[in-house]
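Chemist: Structure below; questions to follow.
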Amino acid sequence: MEIENLKEQFLTACKIIVKSGLDSGPFGNISIRIPGRDAYLQNPSGITFDRLKLEDILVMNNDGVVLDGRHVAHPGECIHREIYRLRPDVNAIVHTHSKRTVAMSLLKTKIEPFTQVGAAFYQDQGLYLGFTGPVRDSSEGRGIAEALGKNSMVIAKNHGIFTVGDSIQSALWNFIVADLASEVHLDARAAGIHAAESLDDNVYKKSRVEVRDRQYQAMWDNYAQIFNTEPEAVF
């Protein structure tokens, strides 16, 4: 796939994040692996998702060196490169400091399967408890990557949630679902409900297929179309 096409997808993902109310100013980073190369696209430091342009998107190598671009990389790239090193199956990563995912990370626990959105991530989430403030080196990036393991999501204590996928479409939809599931979890905790009832494994599998696997491309197409025709739409 040509880099320019990937950059267009990158920019679309940023628009969806902003219009969905999931951005958090300078705090957040996404990336897309470039097929056939030890390189990936990364957002730069100091440019918010709503101001990002195609020419601002950086091409990075797996050592964190900017191969193409005029800006400094977002500091979060040290997490992305470590995930790509450990997970050759991952082609995109999404992380924003959305209010609900950050609040979820304060609980130092995984998302409970209270509803179908939480059940869609059952046994598919890691937990990283090594918070030391902003991540600025590859050793802590590696710790988050190792906590992610083979899962689609990792909750980093006092930091937020990282989601991955085999495409930017699936990684972004995973984040949107994780944000929704975080809201349900937080509301349940506020109501005094701390654990979900145990469900049959088939229920979890069905939830993952129906909520995540069968939805991400359609939702990407819907969001992209709406934002192209109704720029001020908010989800």
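Chemist: Got a sec to turn the phi values of segment 20-27 into Karplus ³J(HN,Hα) couplings, 6.51 cos²θ - 1.76 cosθ + 1.60 with θ = phi - 60°, whole Hz, x for Gly and Pro?
Modeler: Taking θ as phi minus 60°, the curve returns 8, x, 9, 7, 8, x, x, 9 Hz for segment 20-27.
Chemist: Scan the chain and note any complete DSSP helix (H) whose C-alpha atoms cover at least 27 Å along its axis and whose Kyte-Doolittle average is 0.0 or more. Provide the component values of the computation, followed by the final result.
Modeler: Numbers: long enough: 168-190 (33 Å, 0.56).
Counting only whole DSSP H runs, the qualifying helices are 168-190.
Chemist: Taking the DSSP beta bridges in the chain as the whole, what percent of them are antiparallel, to the nearest 5?
Modeler: Restricted to the chain, the bridges split so that about 85 percent are antiparallel.
Chemist: Please state the relative contact order of segment 1-103 as a whole percent: Cα pairs under 8 Å, 6+ residues apart?
Modeler: Result for segment 1-103 is 30 percent.
Chemist: Relative contact order, percent, of the chain when contacts are C-alpha pairs under 8 Å separated by at least 6 residues?
Modeler: This gives 21 percent for the chain.
Chemist: Moving on to the next point. My understanding is that a pair violates if its Cα-Cα distance is over 28 Å; which of Lys15/Lys108; Lys53/Lys108; Lys7/Lys205; Lys53/Lys157; Lys53/Lys99 do that in this structure?
Modeler: Flagged as over cut-off: Lys15/Lys108; Lys53/Lys108; Lys7/Lys205; Lys53/Lys157.
Chemist: Under the Karplus relation 6.51 cos²θ - 1.76 cosθ + 1.60, θ = phi - 60°, what is the ordered set of whole-Hz ³J(HN,Hα) values for segment 204-209, x standing for Gly and Pro?
Modeler: 5, 4, 4, 4, 5, 5
Chemist: What residues from segment 139-165 fall in the zone where the backbone N is under 19 Å from a label point 7 Å along the Cα-to-C-beta line of Ser45?
Modeler: 139-142
Chemist: Right, next: Across segment 60-71, in residue order, what do the Karplus-derived ³J(HN,Hα) couplings come to in whole Hz, using 6.51 cos²θ - 1.76 cosθ + 1.60 with θ = phi - 60° and x for Gly and Pro?
Modeler: Per residue, the Karplus-derived 3J(HN,Hα) values read 10, 9, 6, 9, x, 9, 6, 8, 8, x, 9, 10 Hz.
Chemist: Something else: Please say if segment 37-169 is rounded, prolate or oblate, where rounded means a/c under 1.5 for a ≥ b ≥ c the square roots of the C-alpha gyration tensor eigenvalues, and otherwise the choice is prolate for a/b larger than b/c and oblate otherwise?
Modeler: Taking the square roots of the gyration eigenvalues as a ≥ b ≥ c, segment 37-169 is prolate.
Every number in this text was worked out from the coordinates using simple rules, so none of it is lab data. Note that the structure is predicted; figures quoted are calculated from it, not measured. Reconstructed Cβ throughout: ideal geometry from the backbone, glycine too, with neighbour counts over all protein chains shown.
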